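The values are calculated or read from the model by the stated rules, or taken from the named source; none is laboratory data. Remember, it's a predicted structure, so these values are computed and weren't measured experimentally. Because the Cβ atoms are built from the backbone with ideal geometry, glycine has one as well, and the counts that use them run over all protein chains shown. When the accessible area is computed, the model is the full protein with side chains, heavy atoms only, and any ligands, DNA or RNA have been set aside. Shrake-Rupley method; radii C 1.70, N 1.55, O 1.52, S 1.80 Å.
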Amino acid sequence: MNKKQAFSHNFKAKVIAAYGRHYTIESTNKQIYNAFVRAKKSNVVCGDWVIFQPTASHQAVIESVLARQSLVFRSDSFKEKHIAANCTQLLIVLACQTPLSDDFLTRTLIVAESENIKPLILLNKIDLPDENIRQHLAWYEHCGYCVLPLCALQSVLALKPFLQNEASLLIGQSGVGKSSILNALFEQNLRKTA
């Protein structure tokens, strides 16, 4: 079979990174491609399953987006920004010594509930004084939400069982330790921390 024949079929892949209108996709046979969409605007996001057409070695065009099981997005009165698709779990990161925004936490839990995504509240930086945040989060636990205390700089072992067989999205305000959690989970410095 020559290359032209091999590229004449569409293939299925998952979007694993998004950079504007350029994407990194992983095919069902674990091949990685740099992909793009032809349209000027794109609503493709991380987690989407797409149909793509290979164009060259490790290059592809995304032809269509398959139906989503869930969609996490942010919106205001002017626009809507899609963040991730097909998540099964939302890791909501809060931190001791960072002001707790009930508004942020409530909105995030509403997104999880409306999209049928399992929420998990991570209370990071438990090595610092908590300024009553644990007591405040007890109300959420009473409502049935799981709150997992951890210190990403010491260990994330308690988090690992929650990640099994889940497509998790890490979400939280600036400074709560999202990058530290990722670095600890992957045991390398993937993201700079401050």
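In the Gaussian network model of the chain, springs joining C-alpha atoms below 10 Å, which of S27, S174, S70 carries the largest mean-square fluctuation? Ranking S27, S174, S70 by mean-square fluctuation puts S174 first. Ignoring the sites themselves, what is the longest stretch of the chain with no trypsin sites (Lys or Arg not before Pro) in a DSSP loop and at most 10 other beta-carbon atoms within 10 Å? Result for the longest clean stretch: 80-191. Only protein heavy atoms count here; under a 1.4 Å probe, F36 has an accessible surface of about 80 Å².
Annotation: extensible slack from H142 through K118 equals 7.0 nm (criterion: 0.36 nm per residue apart, minus Cα-Cα distance). Taking amide H as placed 1.01 Å from N in the peptide plane, the amide H of S70 sits under 5 Å from that of N86, C87, each at least 5 places away or on another chain. Over every Cα atom in the stretch 84-194, the radius of gyration and the widest Cα-Cα span, Dmax, amount to 13.3, 36 Å. Counting only DSSP H runs of at least 4 residues, each contributing -39500 (n - 2.57), and dividing by the residue count of the chain, the helix-based mean residue ellipticity at 222 nm comes to -5500 deg cm²/dmol. The candidates L122, L185, L157, L128, arranged from most to least accessible area with a 1.4 Å probe in the full protein assembly, appear as L157, L128, L185, L122. Judged by the ratio a/c of the largest to the smallest principal axis of the C-alpha gyration tensor, the stretch 65-113 counts as oblate, that ratio being 1.5 or greater while a/b is no larger than b/c. Distant-in-sequence amide contacts of V93, defined by a placed amide H-H separation under 5 Å and a gap of 5 or more residues or a different chain, comprise L122, I171, G172. Helix 133-142 and the longest principal axis of the Cα set of the chain meet at an angle near 70°. Each of L128 and A56 was given a label point 7 Å from its Cα along the Cα-to-Cβ line. The distance between the two points is 4.7 nm. Taking the protein heavy atoms of the stretch 53-124 in the context of the full set of protein chains, the accessible area attributed to carbon and sulfur is 52 percent at 1.4 Å.
Just name one of Y19, I171, C96: the one whose Cα is farthest towards the positive end of the charge dipole of the chain (beta-carbon charges, Lys/Arg +1, Asp/Glu -1). Projecting each Cα onto the dipole axis, the largest value belongs to Y19. Backbone amide hydrogens, once placed in the peptide plane, bring E63 within less than 5 Å of I51, F52, Q53, excluding anything fewer than 5 places away on its chain.
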